[in-house]
Structures are given as structure tokens and as C-alpha cells.
Amino acid sequence: MPQFFFDLRNGRILERDEFGLDLPDFETAYLQAHRAAIDIWSEARREGRTPAYRCFEIRDSLGRMVIELPFTEALDVPTESPTPRWHPHPVADELAKAELHKTQADLALGERYISSQRARIARLEQNGSDAALARELLKTFLQIQQLHQDRHNQLQRELASGAP
């Protein structure tokens, strides 16, 4: 059974999951991260905290990150603030450029997931198997890809205007 590790990121701090979980597939790992994000979020809110910058970085047994799940995405929490929070600063500008680079990598990885999932659906349908779960996962991948694309576009606009 595949093993998945759920590293918890809070800003620059990364808490590595040293034990991982044996789960049947990527879909189950993704759902597990969603449930855990909801639990962690609820606990933090009871304590009066807002972990808005937290996310799970899910790794496979080879140490490759297979997906990043921001808590705000798992909980469908809007990430846009009605008032600008940016104050131009050279270090912040470099951080925005680094994030832009990461979103480009996330988009490329997402395209590979989407392509692979589409091929999987085609194989299932060709074999006469039920592809409903695979189509649901593709739908999730497409939504995640759109979030990455939206963030990428936002970063490009912010860097172009000098106010991320």
C-alpha cells in the first residue's frame, strides 16, 4: 500500500511528517488532508487563532510532493482581502517572484496530473469500468489548477504594478 506524508507548512516553517500513513491511493490521501485541515482549523478557531497561511504538503514514499493543499482551499475560505495589505519592499518583491516561480511549477505539475487522469479515465471507460470516481478526481484537479492559475495571474499583475 502506498505511503503518504503530510507535512504541515506555516509560512516558512515546515513540520515534517516522519511517520506518514499507508493509504490505498492518492485520492484517499487528498481526502485525508481535507479532513485533517478541517480538524486543525476548527481547533485553532476554538483557541482564537486563524491558521490562514497553513497548508499541507503531501509527499509520496519517494519524498516527492504530490500536492499542496492550503487550508483556505480545503475550507473554501476566500483568500482575497478587501483592503491592500502590501507595502512595497525589496525582500517582499523577491518573495513574490519566488512564489510566482512556484506557481509556474505547480501549474506544470497540475497539467501532468490532469493529463494522467484523463488517460486513466479513457482506460477505465475502454475497459468498461466505472470511471465516476476518476472523473470526480479530475474535476478536483481542474479546480486546483484553476486556483493555481488565478494565483499565478494575480502575482503577475501585482509584480507588474509593483504592489503584490
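Just a few scattered comments:
- Scanning the stretch 14-28 for any residue that is surrounded by 11 or more Cβ atoms within 10 Å (Cβ to Cβ), touching a residue at least 12 places away in the same chain (Cβ under 8 Å) and assigned to a helix (DSSP H, G or I) turns up at least one such residue.
- Of all residues in the stretch 56-82, those satisfying the criterion of being assigned to a strand (DSSP E or B) and either in contact with a helix residue (DSSP H, G or I) (Cβ under 6 Å, 6 or more places away or on another chain) or at pLDDT below 75 (or both) are Phe56, Ile58, Leu69.
The values are calculated or read from the model by the stated rules, or taken from the named source; none is laboratory data. In this text, all values refer to a predicted model and were calculated from it rather than measured experimentally. Note that each Cβ is placed from the backbone with ideal geometry, even for glycine, and that neighbours are counted across all protein chains shown.
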